[in-house]
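This report concerns only the one structure given below.
The values are calculated or read from the model by the stated rules, or taken from the named source; none is laboratory data. Note that this is a predicted model, so its numbers are computed, not measured. FYI the Cβ positions are ideal-geometry reconstructions off the backbone, even for glycines, and counts take in every protein chain you see.
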Amino acid sequence: MSFFVADIKPILRLFFAERRRALFVGAVLSAATVTAGIALLGLSGWFITATALAGLSAAAAMTFDVFAPAAGIRLLAVVRTAARYGERLATHDATLGVLAALRERLFRGFAEPGAARALLHRPARLLFRLTADIDALDSLYLRIFVPAAVAIGATLAASVVLGLMHPLFGLCFGLFLAGAGLGLPLIAGRVARKPARRRAHGIEVLRSRTIDLVAGQTDLLMAGRLEAQTSAIADADSYAAQADDRLNRVETGLTFGFGLVSTLLLTASLLTVAALAETKAISAPVAALGLLVAFAAVEPFAALRRGALELGRTLLAAKRIAPRLAVADDETQPPATPLPGYAFCLAGVSAFHENSAVPALVDIDLVLKQGDRLAVIGSSGAGKSSLLALLSRELPASKGGVSAMRATLLTQRTELFGDSLRGNLLLANPDASEARLGEALAAAGLLADIEAMPQGIDTRLGEGGLGLSGGQSRRLALARLFLRDTPLWLLDEPTEGLDGATARDVLSRLSLMAAGRSLVIATHIRREAAVADRIAVIEGGRISEVSRRGEAAFEKALDRLRSD
């Protein structure tokens, strides 16, 4: 039970923080709908029976009041219809609003430092969390909490009405209905938890493998793994189908259980009201009212059937999402500000990548003054990218002190999306004006190319920036960098993969736009390191040497680099 509360608590907190009033109104309207339905059925049964009995005698027919019950039936019908409409409107609007807030908060959580880097290894996970897992949480309010609350309320109302006929009748009816009506869904939910989780895992694997097949079919064909991948998809589909079959069996059993309980309860109610009517404790119309109230009170529990079957899936989704929401809810400490006149200060810093026992950085002592440019050189795996990740807060320090100004990281890989050129640019600065976008494109040397396109800046790109050359993609990434007004730029091999002419042009534009800013370049190419004022050599995660322009060590460090 404790794990249930721990997983559900952040979700419930967000539910009530976002739409507390709407959720309360929806629950009240749902209760009003059920209560009006029970009253309507009971009053109608009483009215029909009383009218029939009154018709047996002329005197009784003359004195029988048909107007008040008829007006009450019309009123209850109107209340039930209006409450049903309002309940659907309020509950679904509140749930959809909360789910939208969940998606936004989850996306922001995955965009936090550290999480974004981890998702690069499994990008499909974010998609599944934002879609399937969030969608699973709509059952929490619509199919679990509201139906359970309404069912309990209906049981109490019916018990009171039947208790007025005979206290023992009302007490026994309420205890049996509440015990069986809530017990069966709880048992079914416990039995269905494992197949529901298996079904969720199976569908996720099925989607992931299908995406891999569609996106990597050429590579799979070349490697001779196409048939193996299709077989893996079939296995995942079979796994999910088996879980579905098990859930269908549980649902059938639950439906049978509800039918059996309803039959027993109504049979007992029929015998009870018949006995009470025979002893003249109640009249025949009241007996009809009691029987129909008992019949109507059973109906709300049937709504719990769907929620019980989806309980396992809902708990799994909550367990996956809750940790990220808990992190997002915590007040994150702002990064420490470096000493005046410095871009960053690192003092005895060590850091580990996630799930790694080997440190990525060891006892780093390094400072950079504002406006200075630093090149970090070293062999592959020496720790250059890790140092940039540390400065951008993508990699947390396990030891030592880190203080740095706000930074923008330009990675080796150019991440472009299947959107317009404008949309890809606005990711860097959503408030950028048309003129600002044009200035950034011009500074990156891409404006002329874009103006030559039929749709200009509104030209849509394919997946991964399809439609642009490698040089144009890199220039677009550079334009996004220019749109980020941060005092510290972190560049990870900014011209890698570009031809010499394009690389020199990109570097010259970058150097020009970086005027007044601090610059850190991780590189193994001479032309990139040559724009720096200082060079730091990193080996095995340690800074082994720092040299300044004009020193012999500086020139020696440049000579170690590739000159293409």
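Looking for something part of a helix (DSSP H, G or I) and over 30 Å from Phe173 (Cβ atoms) - is there at least one such residue anywhere in the stretch 269-277? No, there is no match, as no residue in the stretch 269-277 is part of a helix (DSSP H, G or I) and over 30 Å from Phe173 (Cβ atoms). For the stretch 521-564, filtered to residues that are outside any loop (DSSP other than H, G, I, E, B) and among the β-branched types (Val, Ile, Thr), the residue that is farthest from the chain's Cα centre (by Cα) is Val546. Considering Leu446, Leu346, the condition of being closer than 19 Å to Ala522 by Cβ, in the same structural domain as Leu481 (by TED's automatic domain parsing) and surrounded by 14 or more Cβ atoms within 10 Å (Cβ to Cβ) is satisfied by Leu346 alone. If you take the residues in the stretch 390-407 that are hydroxyl-bearing (Ser, Thr, Tyr) and in a loop (DSSP other than H, G, I, E, B), which one is farthest from Asp485 (Cα to Cα)? Filtering first and then ranking leaves Ser398.
Of the set (1) within 30 Å of the chain's Cα centre (by Cα); (2) at pLDDT 85 or above; (3) within 30 Å of Thr337 (Cβ to Cβ), all apply to Leu461 but (3).
Note on the stretch 497-520: residues that are farther than 21 Å from Ala407 by Cα and either at pLDDT 85 or above or part of a loop (DSSP other than H, G, I, E, B) (or both) total 3.
The criterion of being more than 41 Å from the chain's Cα centre (by Cα) and in the same structural domain as Leu374 (by TED's automatic domain parsing) does not hold for Arg480.
For the stretch 537-552, a tally of residues being under 20 Å from Arg527 (Cβ atoms), out of contact with any Gly (no Cβ under 8 Å at 6 or more places or on another chain) and surrounded by 14 or more Cβ atoms within 10 Å (Cβ to Cβ) returns 1. Within the stretch 434-463, residues that are over 15 Å from Ala477 (Cα atoms) sit with their Cβ atoms under 8 Å from residues that are of a type in the set (Val, Ile, Thr), at 6+ positions apart or across chains, in these pairs: Met453/Thr459; Gly456/Ile450; Thr459/Ile450.
For the stretch 89-100, the set of residues classified as over 13 Å from Phe24 (Cα atoms) and surrounded by 15 or more Cβ atoms within 10 Å (Cβ to Cβ) consists of Gly97, Val98, Leu99, listed by residue number. Scan the stretch 449-458 for residues that are over 31 Å from the mean Cα position of the chain (by Cα) and either crowded, with 21+ Cβ neighbours inside 10 Å or in a helix (DSSP H, G or I) (or both) and jot them down. Within the stretch 449-458, Asp449, Ile450, Glu451, Gly456, Ile457 meet the criteria.
For first residues located in the stretch 140-165 and among the charged types (D, E, K, R), partners that are not in a helix (DSSP H, G or I) and lie 6+ apart or on another chain with Cβ distances below 9 Å form the pairs Arg143/Ala303; Arg143/Glu310. The single condition among (1) modelled with pLDDT under 75; (2) within 22 Å of Ser139 (Cβ to Cβ); (3) over 13 Å from the mean Cα position of the chain (by Cα) that Asp330 does not satisfy is (2).
Put simply, of Leu220, Leu213, Leu177, Leu206 the only residue that is among the aliphatic types (A, V, I, L, M), closer than 25 Å to Leu271 by Cα and either out of contact with any strand residue (DSSP E or B) (no Cβ under 8 Å at 6 or more places or on another chain) or part of a helix (DSSP H, G or I) (or both) is Leu177.
Quick grid of which residues meet (1) more than 22 Å from Phe176 (Cβ to Cβ); (2) of a type in the set (Ser, Thr, Tyr); (3) modelled with pLDDT of 90 or more; (4) in contact with a Phe, Trp or Tyr (Cβ under 9 Å, 6 or more places away or on another chain):
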position: His201; (1), (2), (3), (4): yes, no, no, yes
position: Thr218; (1), (2), (3), (4): yes, yes, no, no
position: Arg225; (1), (2), (3), (4): yes, no, no, no
position: Ala232; (1), (2), (3), (4): yes, no, yes, no
position: Thr252; (1), (2), (3), (4): yes, yes, yes, no
position: Lys280; (1), (2), (3), (4): yes, no, no, no
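Can Pro323 be described as out of contact with any helix residue (DSSP H, G or I) (no Cβ under 8 Å at 6 or more places or on another chain) and modelled with pLDDT under 90? Yes.
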